[in-house]
1. So which of Gln53, Gln19 ends up being of a type in the set (S, T, N, Q) and in contact with a Phe, Trp or Tyr (Cβ under 8 Å, 6 or more places away or on another chain)?
2. Can we say His8 is in a loop (DSSP other than H, G, I, E, B) and touching a strand residue (DSSP E or B) at 6+ places or on another chain (Cβ under 6 Å)?
3. Residues being within 25 Å of Ile5 (Cα to Cα) and at pLDDT below 90: count how many of those fall in the stretch 50-76.
4. Which condition does Ser29 not pass, out of (1) assigned to a loop (DSSP other than H, G, I, E, B); (2) of a type in the set (S, T, N, Q); (3) at pLDDT 90 or above, if it passes all the others?
5. What are the residues in the stretch 28-55 that are of a type outside the set (Phe, Trp, Tyr), surrounded by 13 or more Cβ atoms within 10 Å (Cβ to Cβ) and within 22 Å of Val17 (Cα to Cα), if any?
6. Can you pull out every residue in the stretch 32-85 that is among the charged types (D, E, K, R), more than 15 Å from the chain's Cα centre (by Cα) and not in a loop (DSSP other than H, G, I, E, B)?
7. If a residue has to be modelled with pLDDT under 80 and of a type outside the set (A, V, I, L, M, F, W, C) to count, how many in the stretch 1-26 make the cut?
Amino acid sequence: MKCKIFGHKWNYYNEEVEQTFTSALVPYSSNPREFTIMVDTQFRICDRCQYKQVREHHTGKSIDWCEAELSKEQLREKKLKELGI
């Protein structure tokens with residue numbers, strides 16, 4: 001409720017995220033290859049309501065940020081905060 005009135009209180013941080021890519025098809029080959037890399041990704045989470053977003057683009061506009069799921073640790077912290085612990 002507080003964030004709807006005053007806005008979010010963002011805490012920014014970076015996290016390594018695993019991403020899987022499929023290589024372009026090699027001529028005369030029917031099976032593309034998949035490879036996984038770790039990508040340094042920017043996140044932000046509201047200190048008040050624990051709403052989490054990931055930065056998808058870098059245009060400087062609000063559409064750069066998309067909703068993201070909380071990690072297990074963040075979910076635990078959110079529940080403890082709701083209980084007042």
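1. Values: Gln19 fails: in contact with a Phe, Trp or Tyr (Cβ under 8 Å, 6 or more places away or on another chain).
Going through Gln53, Gln19 in turn, just one is of a type in the set (S, T, N, Q) and in contact with a Phe, Trp or Tyr (Cβ under 8 Å, 6 or more places away or on another chain): Gln53.
2. Working: in a loop (DSSP other than H, G, I, E, B): yes; touching a strand residue (DSSP E or B) at 6+ places or on another chain (Cβ under 6 Å): yes.
In short, yes.
3. Within the stretch 50-76, the first condition is being within 25 Å of Ile5 (Cα to Cα), and the residues that meet it are 50-55, 60-70, 74-75.
If we keep only those that are at pLDDT below 90 as well, we get 60-63.
Residues that pass the stated criteria total 4.
4. The one condition Ser29 does not meet is (3).
5. Just the residues of the stretch 28-55 that are of a type outside the set (Phe, Trp, Tyr), to begin with: 29-34, 36-42, 44-50, 52-55.
Narrowing the set further to residues that are surrounded by 13 or more Cβ atoms within 10 Å (Cβ to Cβ) leaves 41-42, 44-46, 48-50, 52-55.
Scanning the stretch 28-55 gives Thr41, Gln42, Arg44, Ile45, Cys46, Gln50, Lys52, Gln53, Val54, Arg55.
6. Glu34, Arg76, Glu77, Lys78, Lys79, Lys81, Glu82
7. Let us first name the residues in the stretch 1-26 that are modelled with pLDDT under 80, namely 1-2, 4, 23-26.
Still in the running and of a type outside the set (A, V, I, L, M, F, W, C): 2, 4, 23.
Number satisfying all stated conditions: 3.
The values are calculated or read from the model by the stated rules, or taken from the named source; none is laboratory data. None of the values given here were measured: they were computed from a predicted structure. Don't worry about glycine lacking a Cβ; one is built from the backbone with ideal geometry, like all the others, and counts go over all protein chains shown.
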